[in-house]
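Colleague: Below you'll find the structure I mean.
What follows is calculated from the coordinates using simple rules that are stated; it is not laboratory data. These numbers were taken from a predicted model, which means no experiment stands behind them. Neighbour counts run over all protein chains shown; Cβ positions are idealised from the backbone, glycine included.
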Amino acid sequence: MNNPMLNESAFQRAQERAAAGGVMTLQGTINKTFLLLFLCVVGGMITWTNFQSWAAWMWPLLIVAFVMALITSFKPAAAPITAPIYAVLEGMVLGVVSAAYNAQFQGIVFNAVAVTVLVFFMMLFVYRTGLIRVTRGLAVGIFSATAAIAVLYIGSWILSLFGVNPTYLTSNSPLAIGISVVICAVAAFNFLLDFHFIDAMTSNYQAPKHMEWYAGFGLVVTLVWLYIEILELLGKFQRK
């Protein structure tokens, strides 16, 4: 069990097609991840300063970003092209969302970014030091919790289509805050699966070089998810 964006069968299929152009390495994956994050930041800067005008483009940007994510997930060989496009588009969406939050709660974006970075390096430290070992039981638990959250999101979206406001997610009640804390924790623990999977793939498989983009894409997806959840959680505290 692992981050669905980091699919082992995709690595194994890619291994079979590996050419002499180089193989996936841990350092290469780190480099690609930081490059994708840089592109995400650039995208955010594009929409940050004029987020009201870009707000009308939110859904088109989200749809195209989602399509790029699907292509990357099912066709890893396309990752060197689709992953950067996804990063820029997702960054543009985050720029609009972040600017809207910052207009309402000054300084909240800086705090959300700081907490996200802190959690990322904390989970990396926990993984590298072996404080929490990624056992099959832990992996199944994290994967199941992530799937349950996805069902919760989809269910809430369906309710909203029928005019029902899912206050258990959107309000600043103790229940809504508690749910946000749990979701943030699950997102953070997904980093353990990401690190473990990338570590295993770079150690045990001779995957081609383009899989570094694929793995970096998976990490960026988790980072974006965690950032959005932390931003939402801080917003709930601000509204109390």
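Colleague: Given H placed on each backbone N at 1.01 Å, which residues far from Val23 in sequence or on other chains put an amide H within less than 5 Å of it?
Modeller: For Val23, whose amide H was placed from the backbone, there are no distant partners under 5 Å.
Colleague: What angle do you read, to the nearest 10 degrees and between 0 and 90, between the alpha-carbon axis of helix 211-239 and the longest principal axis of the chain?
Modeller: 20
Colleague: What is the helix-to-structure angle for 136-161, meaning the angle in degrees between its Cα long axis and the longest Cα principal axis of the chain, kept from 0 to 90 and rounded to the nearest 10?
Modeller: For 136-161 against the chain, the angle is about 40 degrees.
Colleague: Hand me the trypsin sites (Lys or Arg not before Pro) from region 127-225 located in a DSSP loop with no more than 13 other Cβ atoms within 10 Å, in residue order please.
Modeller: Hits after loop and neighbour filter: Arg133.
Colleague: Have a look at Ala150, Ala176, Ala79 and tell me which one the Gaussian network model of the chain (Cα, springs below 10 Å) gives the largest fluctuation.
Modeller: Ala150
Colleague: Turning to a different aspect of this structure: Given 0.36 nm per residue, what is the gain on full extension from Val164 to Phe38 after removing their alpha carbon distance, in nm?
Modeller: 41.6 nm
Colleague: List Val115, Val109, Val42 from most exposed to least, where exposure is judged by having the fewest other Cβ atoms within 10 Å.
Modeller: Listing Val115, Val109, Val42 from fewest to most nearby Cβ atoms yields Val42, Val115, Val109.
Colleague: Got a sec? How would Glu90, Glu229 order by Cβ neighbour count within 10 Å, fewest to most?
Modeller: Placing the least packed residue first, the sequence is Glu229, Glu90.
Colleague: Name the most mobile residue of Leu219, Leu37, Leu161, meaning the one with the largest mean-square fluctuation, in a Gaussian network model of the chain with Cα contacts below 10 Å.
Modeller: Greatest mean-square fluctuation among the candidates belongs to Leu161.
Colleague: Once the piece of chain linking Thr25 and Ser203 is laid out straight, how much longer is it, given 0.36 nm per residue of separation minus the C-alpha distance between them? Could you put the intermediate results ahead of the total?
Modeller: Details: separation 178, 0.36 × 178 = 64.08 nm, distance 0.84 nm.
Full extension of this stretch gives 63.2 nm more.
Colleague: Follow-up question, since we're still on this one. Under the rule a/c < 1.5 gives rounded, and otherwise a/b versus b/c splits prolate from oblate, where does region 137-240 land using the Cα gyration tensor?
Modeller: Prolate, since a/c reaches 1.5 and a/b exceeds b/c.
Colleague: So, one more: Between Asn50 and Leu70, what is the spin-label point distance in nm, taking each point 7 Å from the Cα along the Cα→C-beta axis?
Modeller: 3.1
Colleague: Would you please calculate the Kirkwood hydrodynamic radius of region 20-239 over all C-alpha pairs and express it in Å, rounded to one decimal?
Modeller: 18.4
Colleague: Arrange Trp157, Trp213 by Cβ neighbour counts within 10 Å, fewest through most, would you?
Modeller: Trp157, Trp213
Colleague: Run the simple label-point estimate for Ile63 and Ala114 please: 7 Å along Cα→C-beta, distance reported in nm.
Modeller: The modelled label-to-label distance comes out at 3.9 nm.
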